[in-house]
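The values are calculated or read from the model by the stated rules, or taken from the named source; none is laboratory data. Predicted model, so just to flag it, every value in this text is computed and none were measured. Don't worry about glycine lacking a Cβ; one is built from the backbone with ideal geometry, like all the others, and counts go over all protein chains shown. Just so you know, the surface numbers come from the protein's heavy atoms only, side chains and all, with ligands and any DNA or RNA stripped out. Shrake-Rupley method; radii C 1.70, N 1.55, O 1.52, S 1.80 Å.
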Protein chains: 2
Amino acid sequence: MKKPKEVKVSDLGEFGFIAWFSPAFLRKLPRGVVGIGDDCAVIPWRGRKKLVVTTDMLVEGVHFLKEKISAEDLGYKSLAVNLSDIAAMGAQPLYSFLSVAIPPETEISWLDKFFRGWRKLSRDTRVLLLGGDTTGSREKIVISVAVLGMADEKNIRYRSAARPGDIIAVTGTLGDSEGGLRLILSAETSAELSKSEKFLLRRHCRPRPHLEEGQFLATRPEVRAMMDVSDGIDSDLRRIMERSGCGAEVYLEKLPVSPALKNCAQKYRWPLEEIAAAGGEDYCLLVTVDPKKFIQLAANFRGRFGRELAAIGRITPEKGRLTYLKEGKPYALRKSGFDHFKK
Amino acid sequence: MKKPKEVKVSDLGEFGFIAWFSPAFLRKLPRGVVGIGDDCAVIPWRGRKKLVVTTDMLVEGVHFLKEKISAEDLGYKSLAVNLSDIAAMGAQPLYSFLSVAIPPETEISWLDKFFRGWRKLSRDTRVLLLGGDTTGSREKIVISVAVLGMADEKNIRYRSAARPGDIIAVTGTLGDSEGGLRLILSAETSAELSKSEKFLLRRHCRPRPHLEEGQFLATRPEVRAMMDVSDGIDSDLRRIMERSGCGAEVYLEKLPVSPALKNCAQKYRWPLEEIAAAGGEDYCLLVTVDPKKFIQLAANFRGRFGRELAAIGRITPEKGRLTYLKEGKPYALRKSGFDHFKK
């Protein structure tokens, strides 16, 4: 008799796997405590203040290639991706914890540069490093970070607050990081990098967490749902849809793209709209906004940050349905997010 | 010209490495905040309550061998080693965060058992799982855990509070976990395990965090320094000495050992006292106590837990000097702790 085939993590894929194990997390929680399902967990602190907590892991060979990213950039990015989750809650980051598993043959000079990059962003954002763990690893570097932040109860924005009719907007250009990743992974990049190429590489290697934007948006009652763009609009918007029980339509021609990404897309024949819609790791913020107040909010945002709060679509009542429109007509996106468990 | 040799992590060793990078952590911290250097970081919470935070990483091939520990035990142990740090602060654990990097070929049934072990200890200790991260890994499983707990300011015990004359004591038997590890790593173990062997294996695979003992000891003003035994008395006591600026003497014949360890040490010709002094991962607590009040404390401890609070030595004024005595004479220990960075 044949033994039944063992189901493996790769058979489920990342989202299937999360759906499989989530029930273990979704136990009844005490009042005021929020667990899995948002950018951060939320815990009562003192008075109206809440503690928000996020943790993220970066694995060599999965999230980064040691030969392709400088140690300094990697140190910076390890903290940045966690601060981006804090930004998405409208919170202020305070304390960080850094655990690193390192192979014994790692050069001290590499680590020195790693910590330099980490410290640069720590100083800029006034986040204190309070602890962590250092340990050996057989072959690969693994970085695990936890960040604690603080927010006013009334300012915290959840993924579950989107309502049909809301305008969907983003706080930065989309697809730059994916463009940078494509340059890193392609052999065809010329030795002499153009200005546009350098821009995209920097956006991939040194993402800027939108902390000030998050804190600004969190004080506006017209901002309903908020999260950070980590896996790409196409994946991330589905999470808002799922948590809010709604659908969405996205206007492809409205996705804000940088001149640098346009240049490179033309040069390398990249599918520009696909990259903007499905490319991950931009770490700007994705919000849904009361449509009656969007114009005023966008004007205030422009006044404060000198950039657009770009409207890219609208929340619809059709639960679970994400539609892309190009010049008013439905458009089928070819690619759909990134799966860490696919080989 | 020859290029100067790059210094590698393995050249420094674990403690050298920690000494090298610690300055980055030891920045001036705000009042009431404690960073690296103890079992947990400490952060003001509300009123006299403090938040304590610990994080630990477990790497396949370094901290565990997937073929040698059951998934359920590993899930249990991943949480237990973190709860042990909380116990060492005299705190109560509240919330946990679990990040796992898993190779795509990992069987779902393995993960199911891992979470079952985790949940068992979560339930027993009423710790809520609030989040984490799941991600792919190229080859090895990496587990990173963070636990948040709560303690009264006045009950928190630090490593830096030991004073010359203090009695050094432990809350459990020493060396059992190292005995279990030796059985796991040796090929000579017989197929049919003896009761003693099973006991040691269980102590290695399912360590019990001494939470109640920690909370009990933390309320006694005569208990000065406290930490958990994770790397072995020989390493851990040095940390108390370093933080408290003192020395210590340890009476080898007083180290409490289990009958099971005695049996196996006899059977396999293990160096019993070396294992008790230098074996890691027992996860009991190590305290230093005002000598005038030790007898009363030990009696209370016995009354409450039905076990000995075993006196094993004394804090001395000689900074940095750790002496072992056997029948009153100095004794040189052969082995000295475990280094994660040695190949």
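Once you wrap a convex hull around the alpha carbon atoms of the protein assembly as shown, what is its projected area averaged over all directions, in nm²?
Hull-based average projected area comes out at 35.4 nm².
Dividing the alpha-carbon radius of gyration of the stretch A:66-146 by 2.2 N^0.38 Å (N being the number of residues), what value is obtained?
Expressed relative to 2.2 N^0.38 Å, the Cα Rg reads 1.09.
What does the helix-only formula give at 222 nm for chain B: each DSSP H stretch with n ≥ 4 adding -39500 (n - 2.57), the total divided by the residues, and the result rounded to the nearest 500 deg cm²/dmol?
So the calculated ellipticity at 222 nm is -10500 deg cm²/dmol.
Note the buried accessible area between A and B here, summed over both chains, with a 1.4 Å probe, in Å² to the nearest 100.
Chain pair A/B: roughly 6300 Å² of buried accessible area.
So if R0 is 41 Å, what FRET efficiency would A:K262 and A:E318 give, r being the distance between their Cβ atoms, rounded to the nearest 0.05?
E(calc), rounded to 0.05, equals 0.80.
How far is the Cα center of the stretch A:290-313 from the Cα center of the stretch A:154-225, in Å?
Result: 16 Å between the Cα centres.
Along the stretch A:288-303, what does the Karplus equation 6.51 cos²θ - 1.76 cosθ + 1.60 (θ = phi - 60°) give for ³J(HN,Hα), rounded to whole Hz, x for Gly and Pro?
10, 10, 3, x, 5, 10, 5, 4, 5, 4, 4, 5, 4, 4, 4, x
Stick to the Cα atoms of the stretch A:182-329, pair each with every other, and give me the Kirkwood hydrodynamic radius in Å at one decimal.
About 16.7 Å, per the Kirkwood formula over Cα pairs.
Based on the Cβ-Cβ distance from B:R334 to A:S194, what FRET efficiency comes out when R0 is 60 Å, to the nearest 0.05?
That gives a FRET efficiency of 0.45.
Mind grabbing the base-10 log of I(q)/I(0) for the stretch A:62-216 at q = 0.11, 0.15, 0.21 Å⁻¹? Debye formula, identical points on the C-alpha positions, no solvent, two decimal places.
-0.52, -0.91, -1.36
Taking only the Cα atoms of the stretch B:236-279, how large is their convex hull per residue, in Å³?
So the per-residue hull volume is 69 Å³.
Along Cα→Cβ at 7 Å, what distances in nm separate the B:G32 label point from those on the other copies, shortest first?
Distances to the matching label points in the other copies: 1.6 nm.
Pick from A:D176, A:D166, A:D85: which is most flexible by mean-square fluctuation in a GNM of chain A where alpha carbon atoms under 10 Å apart are linked?
Top of the fluctuation ranking is A:D166.
Taking amide H atoms as placed 1.01 Å from N in the peptide plane, list the residues 5 or more away in sequence, or in a different chain, whose amide H sits under 5 Å from that of B:K8.
So B:K8 has HN proximity to A:I108.
From the backbone phi of the stretch B:85-102, what are the Karplus-calculated ³J(HN,Hα) couplings (6.51 cos²θ - 1.76 cosθ + 1.60, θ = phi - 60°) in whole Hz, Gly and Pro given as x?
5, 5, 4, 5, 9, x, 9, 10, x, 10, 10, 10, 10, 10, 10, 9, 9, 10
How long are the three semi-axes of the equivalent ellipsoid for the stretch A:167-219, computed from the Cα gyration tensor as the root of 5 times each eigenvalue, in whole Å, largest first?
29, 11, 8
What is the P(r) of chain A, as percent of Cα-Cα pairs per 20 Å bin from 0?
29, 60, 11, 0
Which cross-chain or sequence-distant (5 or more) residues have an amide H under 5 Å from the amide H of A:T323, H modelled 1.01 Å from N in plane?
Amide H neighbours of A:T323, under 5 Å, 5+ apart: A:A248, A:E249, A:V250.
Within the stretch A:55-98, what residues put their amide N at less than 15 Å from the label point 7 Å along the Cα-to-Cβ vector of A:S109?
The answer is A:70-72, whose backbone nitrogens lie closer than 15 Å to the label point.
Normalised by the residues of the stretch A:232-343, what does the relative contact order come to in percent, with Cα pairs under 8 Å and at least six apart?
47 percent
Using a basic spin-label model with each label point 7 Å from the Cα along Cα→Cβ, how many nm lie between A:F305 and B:D124?
The two pseudo-label positions are separated by 4.8 nm.
When the dipole is taken about the Cα centre of the protein assembly as shown, and only Lys, Arg (+1) and Asp, Glu (-1) are charged at their Cβ, what size is it in debye, to the nearest 20?
The dipole magnitude comes to about 1240 debye.
Can you list the copy-to-copy distances for A:F305, using a point 7 angstrom from Cα toward Cβ, in nanometres, shortest first?
Result for A:F305, in nm, nearest copy first: 5.3.
Net charge near B:D152, counting Lys/Arg +1 and Asp/Glu -1 over other residues with Cβ under 10 Å of its Cβ?
Once positives and negatives cancel, what remains is +3.
Return the carbon/sulfur percentage of the accessible area of the protein assembly as shown, one whole number, probe 1.4 Å, all protein chains in place.
51 percent
Averaged per residue, what accessible surface does the protein assembly as shown expose to a 1.4 Å probe, in Å²?
For the protein assembly as shown, the solvent-accessible area averages 43 Å² per residue.
In percent, how large is the relative contact order of the stretch B:223-276, given Cα pairs closer than 8 Å and 6 or more residues apart?
28 percent
What whole-number distance in Å separates the alpha-carbon centres of the stretch A:108-139 and the stretch A:235-253?
Each part's Cα centre sits 35 Å from the other's.
With a 10 Å cut-off between alpha carbons and a GNM built on chain A, which of A:Y331, A:Y283, A:Y76 moves the most?
Comparing A:Y331, A:Y283, A:Y76 in the GNM, the peak value goes to A:Y331.
Whole number please: convex hull volume per residue, Cα atoms of the stretch A:92-132, in Å³.
Once divided by residue count, the hull of the stretch A:92-132 is 61 Å³.
Counting alpha carbon pairs within less than 8 Å and at least 6 residues apart, what relative contact order, in whole percent, applies to the stretch A:104-246?
Value for the stretch A:104-246: 33 percent.
Only bridges with both residues in the protein assembly as shown count here: give the DSSP antiparallel percent, nearest 5.
Within the protein assembly as shown, antiparallel bridges account for around 75 percent of the total.
Among the listed pairs A:K198/A:K329; A:K66/A:K120; A:K49/B:K49; A:K77/B:K66, which are separated by more than 23 Å between their Cα atoms?
Violating the 23 Å Cα-Cα cut-off are A:K198/A:K329; A:K77/B:K66.
When each pair of different Cα atoms in the stretch B:253-323 is counted once in the 1/r mean, what is the Kirkwood radius in angstroms, to one decimal?
14.4 Å is the Kirkwood radius here.
Can you list, shortest first in nanometers, how far B:E318 lies from the same residue in the other copies, with each label 7 Å from Cα toward Cβ?
Spelled out, the distances from B:E318's label point are 8.1 nm.
Among DSSP beta bridges whose residues both lie in the stretch A:76-172, state the antiparallel percentage, nearest 5.
55 percent
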